[in-house]
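Shown next, in structure tokens, is the structure this report addresses.
Each reported figure results from applying straightforward, stated rules to the coordinates on display, with no laboratory input. In this text the structure is predicted, and so the values were computed from the model without any measurement. As a convention, Cβ positions derive from the backbone with ideal geometry for all residues, glycine included, and neighbour counts pool all protein chains shown.
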Amino acid sequence: MSKSQHIMVEKCVIDLIIIHGETKPVGGFKHFTPGKLIAQTQANYFFENILKSKVKEKMIVGQYINTDKNRNRDSYSFANINLLGRCNVDCFFCLGKDIKEELRPHNQLDLHFKEWRNFWDFLERCRTEKVGKLYITGQNTDSLLYKYLDELIDHLHSLEFKVGLRTNGYLALEKMHTINKCELSAGYSIHTLSPLTNRMIMRRKDIPDWARIISLTERPRVSIVLNRCNQHELFNVLDYLKNFINIRYIQVRRISTDTRIEELTPDMVAYEQVYSQVRNIFPLKKTLWGDAEVYDIFGKDVVFWRTVKTSVNSLNYFTDGTVSDMYFIVEGYKKYCK
Ligand code: SF4
């Protein structure tokens, strides 16, 4: 192991110990005792299984906190409409927190899309770039909170775009009719089935009724952000999801950040720990977009997704009028916002 890798490993361990010792509140652990216990377990695991194992050091450490971005992008295959406003949960890893101050003044949740700045230019750009798939998502809010969502989907359809959306699911039962208008997938964030863990992650203890929501959704997919709070629950969640035959795609995401790498390093460590288990146990089916490996876990295709490493590419529109030709959301927003 190189000297720089030694330094990186030591830093990860120090971060974990600091969390446990409460000398520096990090991420979602400021208020939740169980999180500290998980952090302690994680630190112990790290000492026992990483630092003392030369084999694992070579296999894993180089990837642990490798946050270099893959700048070799494919041509654009989709575009995101990133809503800005307030969310109904408060995930500690939310990408919106990377640019919290920049986004604070913006809220277009009640503004009709015909009044969104540059929106028509953005749709025209999509046509020019031959991008036909649009995903409605939130940068710091949830797509189902948008007042004119149903009308927006109809309008995009009238322009012959295909539409999908991403949501935390809290309003899914109320908006199921709108969700099922999307001919692309409806992506749900299901990080845990435990109310306590959910509170640590999203600052909200109640959990959407996933059994009903998934059963009623025509094209559901699931995204799990693997982090320090839920790393020991991933296989329970996957075991639960295997029962839904309409779920064809499950994505296990590593947290993504441009401005909080130090704060969120323990979550990337947690991700790589679980990934190292997966790749030694489950069969690899294929690799997508340069880096995203698909494993067969309990009969489902489960994709391990490190945003910075893939080659997939998208245009991005933000409802304050910012248009970005960069896949990297935060970097693109900072470059083009006015
Ligand atoms: S649901 Fe999404 S937008 Fe809302 S806080 Fe969580 S990560 Fe951020």
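Assorted remarks:
- Highest-first arrangement of 256-265, 288-297, where packing means the average Cβ count within 10 Å: 256-265, 288-297
- Peptide ranges 230-236, 317-323 listed from the most packed, as the mean C-beta count within 10 angstrom indicates: 317-323, 230-236
- Extension gain from E124 to L173, taking 0.36 nm per residue of separation minus the Cα-Cα distance: 14.3 nm
- K335-N243 FRET efficiency (beta carbon distance; Förster radius 51 Å; 0.05 resolution): 0.70
- The dipole here belongs to segment 64-151: it is taken about the Cα centre, uses +1 on the Cβ of Lys and Arg and -1 on the Cβ of Asp and Glu, and is about 220 debye.
- Calculated FRET efficiency for the pair R203/E115, C-beta based, R₀ 25 Å, to 0.05: 0.20
- Of K205/K334; K133/K334; K130/K335; K133/K300; K147/K242, those spanning more than 26 Å from alpha-carbon to alpha-carbon: K205/K334; K147/K242
- Beta bridge orientation in segment 214-338: antiparallel %, DSSP, nearest 5: 55 percent
- The residues neighbouring F113, those whose beta-carbon lies less than 14 Å from its own, together hold a net charge of -4 under the Lys/Arg +1, Asp/Glu -1 convention.
- Take the Cα of V89, step 7 Å toward its Cβ, do the same at L288, and the gap between the two points is 2.1 nm.
- At 0.692 mPa s and 37 °C, Stokes D of segment 78-336 from Kirkwood alpha-carbon radius, µm² per second: 175 µm²/s
- Under the simplified labelling scheme, the F298-E183 pair shows an inter-label distance of 3.3 nm, with each label point 7 Å from Cα along Cα→Cβ.
- Cβ crowding within 10 Å averaged over residues, with 217-228, 168-179 ranked highest first: 217-228, 168-179
- Net dipole in debye of segment 205-291 [+1 Lys, Arg Cβ; -1 Asp, Glu Cβ; about Cα centre; nearest 20]: 440 debye
- Each of I281, I81 has some number of other Cβ atoms within 10 Å of its Cβ, and from fewest to most they run I281, I81.
- Label zone (H155, point 7 Å along Cα-to-C-beta; backbone nitrogen cut-off 20 Å) within segment 75-94: 79-86.
- Options M176, M202, L216, ranked by Cα towards positive dipole end of segment 168-221, top entry (Cβ charges): M202
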